Amino acid sequence: MDKGHLLILERDYIEVTNLKKRILIRLKLFYYFFTRYVWHSFLVRKMNKYIFPDSVVDKIDLYMKGDAGMFKVHTLGICNRFSTIRDSAVLVPGVGFGHNLYQLAARKPRLIVAFDLYEYPEEWAFLKKDIKEKFGVDVIFF
């Protein structure tokens, strides 16, 4: 298994199980929520000095800073509002080597079906076993 992938998977697991880490993620989401609007208004005013009215800048709805604060746990929370993840079968297209599957497994779906164009057999075998042991969730990879 690629050591870099293993480190990322370990970090993902810590984000799910460590209370301190979950609190820090919430604080960062709070930070991003407010700074996005501040940056957006600052940039629009600053850019409007140099660009004619009716420019591309006027058509920008929101400036997204960095990763936009969209942690997988936050994204899954939004998805969960539309359809309950718990006890559902969840399809994950473009799963790659499995980054962020712990966050999904922590929401206790009945089954995770994940696929990608490329195969990561070692990572997938590790995740399939680890997620079943730690969360009781079955994972199928294609």
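Laboratory data are not the source of any read-out in this text; all were calculated from the coordinates shown. This structure is a prediction, so every number in the text was calculated from the model and none was measured. Note that we place each Cβ from the backbone using ideal geometry, even for glycine, and neighbour counts take in every protein chain shown.
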### Query
What residues qualify as long-range amide H neighbours of residue 139, i.e. H under 5 Å apart, gap of 5 or more or another chain, H built at 1.01 Å from N?
112
### Message
Under 18 Å from a point placed 7 Å out from the Cα of residue 76 along the Cα-to-Cβ direction: which residues of segment 10-34 have their backbone N that close?
### Response
10-29
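What shape does segment 77-135 have by the C-alpha gyration tensor, where a ≥ b ≥ c are the square roots of the eigenvalues, rounded means a/c under 1.5, and otherwise prolate means a/b greater than b/c and oblate the rest?
Oblate, since a/c reaches 1.5 and b/c is not below a/b.
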#### Entry: Other-chain or far-sequence residues with amide H under 5 Å of residue 115's (modelled H)
92, 94, 95, 142
